[in-house]
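Notes for the one structure printed next.
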Number of protein chains: 2
Amino acid sequence: MATIYDVARQAQVSPATVSRVLNGRTTVDPVMAARVHQAMQDLDYRPNAVARNLRLSQTSLWAVIISDIGNPFFTSMVRGVEDVAQSAGYSVVLCNTDEDPEKESRYIAAVLAERMAGVIISTSGRSAVINRLLEARIPVVAIDRQLRGVTIDTVLVDNEHGAGLATTHLLDNGYQRVACITGPRRISTAAQRLRGYQRALRARGREATDALVRYADFREEGGYRAMASLLDSDNPPDSVFATNNLMTVGAVECLVDRGIRVPDEVGVVGFDDIPWAHLVRPSLSTVSQPTYDLGRAAAGLLTERIANPSRLPSTVMLSTGLQVRDSSTRPS
Amino acid sequence: MATIYDVARQAQVSPATVSRVLNGRTTVDPVMAARVHQAMQDLDYRPNAVARNLRLSQTSLWAVIISDIGNPFFTSMVRGVEDVAQSAGYSVVLCNTDEDPEKESRYIAAVLAERMAGVIISTSGRSAVINRLLEARIPVVAIDRQLRGVTIDTVLVDNEHGAGLATTHLLDNGYQRVACITGPRRISTAAQRLRGYQRALRARGREATDALVRYADFREEGGYRAMASLLDSDNPPDSVFATNNLMTVGAVECLVDRGIRVPDEVGVVGFDDIPWAHLVRPSLSTVSQPTYDLGRAAAGLLTERIANPSRLPSTVMLSTGLQVRDSSTRPS
DNA sequence: CTGTTAGCGCATTCAC
DNA sequence: GTGAATGCGCTAACAG
């Protein structure tokens, strides 16, 4: 493949001039520039980004590290990141960890080895993992999940508020025993949504008992099992708030399998939408969040941090809204 | 960040020896090797893949170019690719084109510039685009969609057969006027599934009329509009076969919106599953395909081609199966 | 405004 | 089995 030396020879200029034309930093005699362009075309010259990256000790790759590519929440988010990345001249390397620390570790190693320009991460994220990146001075933005023990740029939604909306809505519709299926304790999102649920109960003078709380894994099967466990308990709930989309699906499956009618017997509200939610019967009431914008915001923060590494970390919080559909409203 | 020179100095050996230890190609005195390892640890040495790539003129990045990251079909496929890539020591750069030729072009440019190790592609793929890659001797595998005008490694499913299964199944269930909503003409998948539909009709002595065929865009809205167009036609169908998952969803939405009962008034079979298909009412009958394995197979082909570039291109065809659920069976 | 030169970090000759 | 030297392709001084 042709190099700038080949182009330089062909255009009868120096390699430096070719480089200048290529990057447009300094001004070059139009005649020479034209010759260079012609030569590049003749030789089908393709700039070698690897060499360029080595020389500049910086790359144009971002890593987006997420825990479940099968969750539409993350794909939508990634799309937001990607659109911004593209227009800022970056490419996105998608890293799916499946919540597996070893996979995560391998990806971090790749980020370090490839000297990637930045990372957007949403995993369980022990801060030890993140520290490896920060020590290497690689810009990092946390998305959807807050990281403990480190202060970095973060993009979140208003989890507590959203969870409160969902819970209050169920109470407003006459449900008495509202349960909560939340995610792993160590994940901020799970904790915040649980807290929002608890606060909403207390605000209505209800007791927030642990008997109505289940911790699952943010996945469909986990939601199913948690719902089953609630139904099998001494005092089953008459409604449930599930703190992510897949667990909501799992919970509803469980209800369907047992022939329990939604919303008549048990009301359901989930956090985050699923695709074709309107085709599901009953259609699911959810706390919707701006997934795509979440990605865009994170990409924006990353861009700013790359431009200005010493800038103080900031947190962006986007808002959520309640989407009332059929699964949570019963004729009173 | 530490380089092999720093490590060499610390371990009191030459940089060449550090490089040897790093790559384990040649044998090194165990004592020295131990010193090197110690030094690497002390300095928290991270190999610089960029420099390595430049030196070797090869990278460990694969590009996976797909047209819609929002389609679970592709994400599942990507996951298959990724798992194989990981274990073969490659990372995956996900490139979402949204069927936009310009985005596609930018990604191809990035592939070329970054000298990526290989490409797995599933887009409209004018062969001109692919030729840029082939000319640069970058290994390419086509997935899901066949490329015209070039002979390269390809992974497909048995589209015609699957479409035949779906169509025959509808006829077997007493539907008389089976329509087909297929994808863009230029995409092989759309053409093959349409052909399978037509053949199945003829095999049953039916006429395969264009009046019952609609070309859409493989997306939800397209499916919706196509269904509407069919229903508004002079001779509306009593059943429909949609050639991908999202268009199936769109078609069903249209039917629901119009209060048309599925499967009683109109039967529906789709190609490819959607997540939580069982929660959708009525549950959707589909031609299921091994999406994850499709990705794995493509990754396998890519690995082989990288190892042996002169190897003859091969085509892998995986099979499909009919999943009968509620949307296509009516009491006769 | 242009050309010469050096070096980014590494793997690989080639002598020893 | 080991070390010195070279170059992968590019950009950024610097000198002209």
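The values are calculated or read from the model by the stated rules, or taken from the named source; none is laboratory data. The shown structure was predicted, so the numbers you read here are calculated from the model rather than taken from an experiment. Cβ: placed from backbone, ideal geometry, glycine included. Neighbour counts: every protein chain shown. Surface areas here come from the heavy atoms of the whole protein model, side chains and all, with no ligands, DNA or RNA. Shrake-Rupley method; radii C 1.70, N 1.55, O 1.52, S 1.80 Å.
Annotations for the structure displayed:
- Taken over segment A:74-87, the criterion of being more than 10 Å from chain B (Cβ to nearest Cβ) and touching a strand residue (DSSP E or B) at 6+ places or on another chain (Cβ under 9 Å) is satisfied by A:Met77, A:Val81, A:Ala85.
- Among the residues here, B:Ala208 qualifies as at pLDDT below 95, within 21 Å of B:Pro236 (Cβ to Cβ), surrounded by 17 or more Cβ atoms within 10 Å (Cβ to Cβ) and more than 23 Å from the chain's Cα centre (by Cα).
- Helices (runs of 4 or more DSSP H) within segment A:157-267 that include 2 or more residues touching an Asp or Glu at 6+ places or on another chain (Cβ under 6 Å): A:188-203, A:245-257
- When residues of segment A:25-38 are limited to those that are away from DNA strand D (no atom under 12 Å from the Cβ) and assigned to a helix (DSSP H, G or I), the one farthest from the other protein chains (Cβ to nearest Cβ): A:Val31
- Subset tally (residues that are open to solvent by 70 Å² or more (accessible area, probe 1.4 Å) and either within 11 Å of DNA strand D (Cβ to nearest atom) or within 24 Å of B:Arg137 (Cβ to Cβ) (or both)) for segment A:1-21: 5
- Test: residue in segment A:231-245 that is open to solvent by 50 Å² or more (accessible area, probe 1.4 Å), at pLDDT below 95 and of a type outside the set (A, V, I, L, M): yes
- Of all residues in segment B:109-135, those satisfying the criterion of being within 14 Å of another protein chain (Cβ to nearest Cβ) and open to solvent by 30 Å² or more (accessible area, probe 1.4 Å) are B:Ala109, B:Arg115, B:Ala128, B:Asn131, B:Arg132, B:Leu134, B:Glu135.
- Scanning segment B:40-54 for residues that are assigned to a helix (DSSP H, G or I) and either of a type in the set (Gly, Ala, Ser) or facing chain A (nearest Cβ under 9 Å) (or both) yields B:Ala49, B:Val50, B:Ala51, B:Arg52, B:Asn53, B:Leu54.
- Residue list for segment A:33-62, restricted to those being within 12 Å of DNA strand C (Cβ to nearest atom) and open to solvent by 70 Å² or more (accessible area, probe 1.4 Å): A:Arg35, A:Arg52, A:Arg55, A:Leu56, A:Ser57, A:Gln58
- The set of residues in segment B:233-248 that are in contact with a Lys or Arg (Cβ under 6 Å, 6 or more places away or on another chain) and among the hydroxyl-bearing types (Ser, Thr, Tyr) contains only B:Thr243.
- Residue-level analysis places B:Arg177 outside the set of residues that are open to solvent by 10 Å² or more (accessible area, probe 1.4 Å) and free of Cβ contacts under 8 Å to residues at least 40 places away in the same chain.
- Looking only at segment A:72-89, and only at residues there that are surrounded by 22 or more Cβ atoms within 10 Å (Cβ to Cβ) and among the aliphatic types (A, V, I, L, M), the one that is nearest to DNA strand D (Cβ to nearest atom): A:Ala85
- Subset of segment A:249-280 (residues that are within 22 Å of B:Arg219 (Cα to Cα) and within 11 Å of chain B (Cβ to nearest Cβ)): A:Ile274, A:Pro275, A:Trp276, A:Ala277, A:His278, A:Leu279, A:Val280
- Close pairs (6 angstrom Cβ cut-off, 6 or more residues apart or separate chains): aliphatic (A, V, I, L, M) in segment A:1-20, open to solvent by 90 Å² or more (accessible area, probe 1.4 Å) and within 7 Å of DNA strand C (Cβ to nearest atom) anywhere: none
- Residue within segment A:90-98 that is away from chain B (no Cβ under 12 Å) and either on the phi > 0 side of the Ramachandran plot or surrounded by fewer than 23 Cβ atoms within 10 Å (Cβ to Cβ) (or both) present: no
- A:Ile120 being touching a strand residue (DSSP E or B) at 6+ places or on another chain (Cβ under 7 Å) and either part of a helix (DSSP H, G or I) or of a type in the set (A, V, I, L, M, F, W, C) (or both): yes
- Checked against the criterion of being aliphatic (A, V, I, L, M) and either within 10 Å of another protein chain (Cβ to nearest Cβ) or open to solvent by 30 Å² or more (accessible area, probe 1.4 Å) (or both), the candidates B:Ile152, B:Ile138, B:Ile69, B:Ile65 yield just one match: B:Ile69.
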